[in-house]
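One structure is given here, and the rest of the page talks about it.
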Amino acid sequence: MSALQSLQGLAKNASAAATLADIGLPTPRLEGWKYLSLRTLENTEFAAPQARAAITALGEYDVPGFQAARLVWVNGQFQPKLSDSVDGVFVSESPTDWDRVPVNRDGFCAANAAAGNLIQFSIAPGLSLPLHCLFLSVAEDAPVAAQPRIQWKIAANAQVTLLEQHAGGAGNLVNSVQSFDLARDAGVTRYKLMSAKGDYNTAQTRADVDANARFENHVLDLGGKLHRDEIQVALNAEHAFTRLNGLSCVNGREVSDSHTRIEHRVPNTTSAQHYRGIADGRGKSVFNGVVVIEKDAQKSATEQKNANLLLSDKAEINPKPELQIHADDVTASHGSTVGNLDPAQLFYLRQRGIGLAEARALLTFAFAEQIAEALPSEALARAVEKRLATVLPAVEVIGDVIE
């Protein structure tokens, strides 16, 4: 049985299932998927998750210095017994679906909607708190389709720091859809740590941002069979702000595919993006960033930066930054680079007695660290640096630097 057939068999929502049957899974013939091959995934049969595995020692996933209430999903299913109860955070397991991410966007969106795993978290007005959302992928009798569908309703003046951690990696499909609704003066800072290397991971995020509200997203992708991360942000009222930062590190035949879309819909809105990619071995890194400034969004401002580092002549990086500006009184800039390590910098370090492997490691780490240093949380910045040390060349050299 193919992946498509197995996903159809897991459907609970008939309308979404019909859409999935009609459009199927994405292929390279689609513009947004042209750099990817889903051949291995397509030949995998995915079962429904049972989440029967005994989960213990959740403390091993804690980040030193980051104290937060924990919410836990196992193979896409929310686990109330493993999660903390938090005053001011209200959980609804039968909410109305906002349908902010269109079901017909692609086959994975349709499959997620068809699975019927919707849950909603509502954050009380004025509340300020950190949350640690832990998504565990564990082995079952066969590969499973983990398909969490989550809505976050952030009330006025609430401020949420959200650590989203994906761990485990058991050859499962983790296909998630999340929607954020930020009321006036609300704020969300989300850190997404991807380290489940054995999984296929596809994710859709949609954020709607009201007046004076702020949505920040920082993603660290340490590589995997296939990691695709799509995020769409709509700035719907004046002085809404978003910042999207990302770092991907791929090696072997790993794939990291990042797509962003920011829509400035009204005047006086601001956005910023900074994505970096590192590709070694036969790894593939993709970045497609779109910013749309609509006709009525005068006096808006946007900045987009994308830098990429090729460490192997067999690796592949495909950047595509896009600005679509329909207003005439805006501030906008974007830039994208792809290159190798600077020979002059390598020579400088070699002249000071540093070996070639060590010099390459130090320069690669310095390239990646620019994203880590920009993280608002110092505890998470240090955690990201330590995680980087586990995937970049000459681990022991980088370990000495960050200690």
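Remarks
- Meeting the requirement of 1 or more residues that are over 14 Å from the mean Cα position of the chain (by Cα) and over 20 Å from SER333 (Cα atoms), the strands (runs of 3 or more DSSP E) wholly within segment 228-294 are 241-250, 270-279, 284-293.
- Residue identified as within 30 Å of ARG382 (Cβ to Cβ) and at pLDDT below 95 among VAL89, VAL63: VAL63
- Residue in segment 262-277 that is of a type in the set (Gly, Ala, Ser), in contact with a Gly (Cβ under 8 Å, 6 or more places away or on another chain) and open to solvent by less than 50 Å² (accessible area, probe 1.4 Å) present: no
- From VAL384, VAL391, residue being closer than 30 Å to VAL160 by Cα, out of contact with any His (no Cβ under 9 Å at 6 or more places or on another chain), open to solvent by less than 70 Å² (accessible area, probe 1.4 Å) and not hydroxyl-bearing (Ser, Thr, Tyr): VAL391
- Selected residue [surrounded by 23 or more Cβ atoms within 10 Å (Cβ to Cβ) and within 22 Å of LEU127 (Cβ to Cβ)] from THR205, THR189: THR205
- Qualifying residue in segment 228-239 (condition: crowded, with 24+ Cβ neighbours inside 10 Å and more than 25 Å from ASP106 (Cα to Cα)): no
- Residues located in segment 295-311, provided they are among the basic types (Lys, Arg), outside any strand (DSSP E or B) and under 18 Å from THR337 (Cβ atoms): none
- Criterion (more than 19 Å from the chain's Cα centre (by Cα) and either under 30 Å from SER2 (Cα atoms) or not basic (Lys, Arg) (or both)) met by exactly one of ASN104, ASN75: ASN104
- Counted residues, segment 326-363 - those being among the aliphatic types (A, V, I, L, M), open to solvent by 70 Å² or more (accessible area, probe 1.4 Å) and closer than 27 Å to TYR35 by Cα: 1
- Taking segment 101-118 as the range and being outside any loop (DSSP other than H, G, I, E, B) and in contact (Cβ under 8 Å) with a residue 60 or more places away in the chain as the test, the residues that pass are VAL103, ASN104, ARG105, GLY107, PHE108, CYS109, ALA110, ALA111, ASN112, ALA113, ALA114, ALA115.
- PHE121 being more than 24 Å from ALA17 (Cβ to Cβ), part of a strand (DSSP E or B) and either at pLDDT below 95 or open to solvent by 20 Å² or more (accessible area, probe 1.4 Å) (or both): no
- Per the listing ALA142, ALA156, ALA196, ALA170, the residue uniquely open to solvent by less than 10 Å² (accessible area, probe 1.4 Å) and either among the hydroxyl-bearing types (Ser, Thr, Tyr) or not in a strand (DSSP E or B) (or both) is ALA196.
- If the condition is being under 22 Å from ALA327 (Cβ atoms) and either open to solvent by 20 Å² or more (accessible area, probe 1.4 Å) or hydrophobic (A, V, I, L, M, F, W, C) (or both), then segment 278-293 contributes VAL290, VAL291, VAL292, ILE293.
- Of the criteria (1) of a type outside the set (S, T, N, Q); (2) closer than 30 Å to HIS239 by Cα; (3) touching a Phe, Trp or Tyr at 6+ places or on another chain (Cβ under 6 Å), which one ARG184 fails: (3)
- For PRO95, the conditions (1) assigned to a helix (DSSP H, G or I); (2) closer than 19 Å to SER179 by Cβ all hold with the exception of (1).
Residue-wise test of (1) open to solvent by 20 Å² or more (accessible area, probe 1.4 Å); (2) of a type outside the set (Gly, Ala, Ser); (3) under 28 Å from ASP181 (Cβ atoms); (4) assigned to a helix (DSSP H, G or I).
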| residue | (1), (2), (3), (4) |
| --- | --- |
| ILE55 | yes, yes, no, no |
| GLU60 | yes, yes, no, yes |
| GLN67 | yes, yes, yes, no |
| ARG70 | yes, yes, yes, no |
| ASP84 | yes, yes, yes, no |
| ASP99 | yes, yes, yes, no |
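The values are calculated or read from the model by the stated rules, or taken from the named source; none is laboratory data. Being a predicted model, the structure only gives us computed values, none of them experimental. Please note: Cβ atoms are built from the backbone with ideal geometry, for glycine as well, and neighbour counts cover all protein chains shown. The protein model used for the area step is the full one, side chains on, heavy atoms only, and it has no ligands, DNA or RNA in it. Shrake-Rupley method; radii C 1.70, N 1.55, O 1.52, S 1.80 Å.
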